[in-house]
Amino acid sequence: MPLKTLSNSIFTLETQSLKRWTIEDYHRMSELGILDAEERTELIEGQITLMAAKGTHHVTSLYLLANLLREQVGNRALIRTQDPIQLNDFSEPEPDLAIVLGKVWDYVDHHPCPEDISLIIEIADSTLKYDCEIKDKLYAQAGIVEYWVLDLKNRQLHLFCDPTPTAYKSHLILTEPNQVSPLAFSDVIVSLSAILPSVA
């Protein structure tokens, strides 16, 4: 009898069959050298994911944005870039930028939690779909009050607010040359043209 073979078949794992790693597991793997120190990773819903490489436009926009916010926010809050935040026991993302309440010394023994965070911003050059369709739900479920995604390719800013247990109620898209203020800092003015690399 000939052996039966599986050809051109695709096997996918159901979500419930995957091991969900906790933040404690994640940190322990890093300490033991199981995770490659040269690879940037983050923990999302119990899964360890590789972070996309940053292009020059991504780096430039992050500098422009961080400098603008630090200048206008001053000492009222911290502007953290690409640092971990703890959403729950299974998610420790590293957003491109977060406006966090308090002082540097407030986070010596823990990362900022949702109640500490006024705004999260992700910068998307190759990750727009992920940032707007996966991370938006992650941040909404955690109760992050406001979330922005800067879309470099289309030169747009996605604004998410009014979180619910499943998603954000509001999703607006800002185009040049408009400007916007974070909900928590109404006097801070962010012009879209000021945070996007100029087009040659």
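What to note about this one:
- Filter result (closer than 24 Å to Ala140 by Cβ, over 14 Å from the mean Cα position of the chain (by Cα) and not in a helix (DSSP H, G or I)) within region 49-78: Ala77, Leu78
- Remark: pairs (first residue in region 10-36, of a type in the set (Lys, Arg); second residue modelled with pLDDT under 70; Cβ separation under 8 Å; 6+ apart in sequence or on different chains) = Lys19/Gly46; Arg20/Gly46.
- Sole residue being under 13 Å from the mean Cα position of the chain (by Cα) and within 22 Å of Val59 (Cα to Cα), chosen from Leu138, Leu97: Leu97
- The set of residues from region 61-80 being closer than 15 Å to Glu122 by Cα and surrounded by 17 or more Cβ atoms within 10 Å (Cβ to Cβ) comprises Ser61, Leu62, Leu65, Ala66, Leu69, Ile79, Arg80.
- The residue list Ser118, Ser126, Ser91 contains one member that is among the small types (Gly, Ala, Ser), at pLDDT below 95 and buried (at least 16 other Cβ atoms within 10 Å of the Cβ), which is Ser91.
- Residues of region 88-128 that are in contact with a Pro (Cβ under 8 Å, 6 or more places away or on another chain) and either under 17 Å from Trp148 (Cβ atoms) or part of a strand (DSSP E or B) (or both): Glu92, Pro93, Glu94, Ala98, Ile99, Val100, Ser118, Leu119, Ile120, Ile121, Glu122.
- Residue that is surrounded by the fewest Cβ atoms within 10 Å (Cβ to Cβ), among those in region 175-198 that are farther than 24 Å from Pro114 by Cβ and free of Cβ contacts under 8 Å to residues at least 24 places away in the same chain: Ser198
The values are calculated or read from the model by the stated rules, or taken from the named source; none is laboratory data. Here the structure is a predicted model, which means the values were calculated and not measured. All Cβ positions, glycine included, derive from the backbone under ideal geometry; neighbour counts span all protein chains shown.
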